[in-house]
Structures are given as C-alpha cells and as structure tokens.
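We did not get these values from a lab; they are worked out from the coordinates using the rules stated. Nothing here was measured: the structure is a model prediction, and the numbers come from that model. Glycine also receives a Cβ, built like all others from the backbone with ideal geometry; neighbour counts cover every protein chain displayed.
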Amino acid sequence: MNIAVLGATGMVGSRLVAEAVSRGHQVIAASRHPQQAATFGITPAAVDLTDQQHGAAALDAALAKADAVLLSVRPKPGQEDSIAPATSAVLDAAARAGIRVLVVGGAGPLKSPRRPGLLVIDDPHHVPDQWRAVAGASTTQLRTCKEHPYGNWTYLSPPSLLEPGTRTGAYCRGTTTLLTAPDGTSRISVEDLAVAALDELEHPVGERHFTVVTVAS
C-alpha cells in the first residue's frame, strides 16, 4: 500500500512512518519541513497545510499516488484554530484523489467514562485546564470531519496520556468512550498507537470513530 503521512516529522507522525515501513508499505512522508532524504520505502514531500496559495497543489501532488492518507498534525499553542481548516483541506484533497483518510486526532471528543453525557474535554479528571485548548481543537477537528461532504474517513482518538515508549504491539480497542485501566489511568505509547492506526488501515473495522488504550499489565 502507498500511504501518505501528513505531519510525518512529529511525535506521532514519525512513529506512523516507521510502523508503515516496517510492514512493507511505501510511505510519502509529508511535512512542512522534511528532515530526511528519500530512503528505502520513504519518499519525503514538502506540504504546508497552512499555505493558502500553494498548499492545495503540494497536497494533491503528495496524494497523487497514495492509496490512503494518515493525518497527524498537532497545532502549536495559540494556533489551535488552524486544525479545522487543515483537516478540511486534507478531506478535500482526499476526495479529489478518491482515497481513504485516517485522522489521528485527540481524546477531547470522546465520552467520559466517569460521567455519562460528558465529553472528556469537559472532565478535568482527564483534561486539566492547561490542555483544554488543544483538546478543544480535537473536538472541532472531529466535527469538521462529520460536517465534510467526503465520507471516507475514520477518526482515531488516543487515550488521555500519549507519550513515547515501548512498542508492544498490543492494545485494547473501544469506540467513542475513553478507555481506562483498572487503576483509572488512560494511556498508550505512541508506538502502540501507530500499531493501532496501521491495523485499521490494513483491516478496516468500519467504525467512524474509535479509541485505544494500552493493555493493562
């Protein structure tokens, strides 16, 4: 499979690239400032989703030979409003290319496991005040997907805590409610999140929105 990864140099994107290549896929590693030359299985591409003048053309070129696109971009502090138009632009380009989109977003739009009817973004137990802006961006991002006319997308929400760690290859999968361990924690390594993302691309389950969490030890 030819997979375009948008945000390929980021914490999540770099793991998505590594996981895809390890499975034998060809990867178009797209980012604003590509950091590597072409290597076996990886073709770098310069794509700036915020560039209104040239961004669409660069995005179309990156997706021209792709079978699917993984979107993994995280807004800088104070630029949370950029995530919705960037996501819409990717969906527009995917529609033109006729390919599937898997958005690796945030935990904000998940339902809280503690209080029915409450989203994670509104539950301070899982989203402290300092993370509300970025959690709000992910909530807006999912809404952007739902309101877009192109329907071939899936949204992957990580658990509350996502950080570099060990690739175990194991995880628990859920749908639209945040998953927690017996001790109440909600976490996964970025490496195992990448495993879940590539599993979904290779073997789609058919759910529009899903989440994962590390397997309790």
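In this structure, is Pro34 surrounded by fewer than 18 Cβ atoms within 10 Å (Cβ to Cβ) and farther than 24 Å from Asp199 by Cα? Yes; evaluated as a whole, the condition is true for this residue.
Among the residues of segment 186-206, the one identified as surrounded by fewer than 18 Cβ atoms within 10 Å (Cβ to Cβ) and in contact with a strand residue (DSSP E or B) (Cβ under 7 Å, 6 or more places away or on another chain) is Arg187. Counting only residues that are touching a residue at least 40 places away in the same chain (Cβ under 8 Å), assigned to a strand (DSSP E or B) and either more than 29 Å from Ala93 (Cβ to Cβ) or not small (Gly, Ala, Ser) (or both), segment 133-180 holds 7 of them. Of everything in segment 181-195 that is more than 15 Å from Val69 (Cα to Cα) and in a helix (DSSP H, G or I), the residue that is nearest to the chain's Cα centre (by Cα) is Leu193. If you go through segment 45-75 and pick out every residue that is surrounded by 15 or more Cβ atoms within 10 Å (Cβ to Cβ) and closer than 30 Å to Ala133 by Cβ, you end up with 19.
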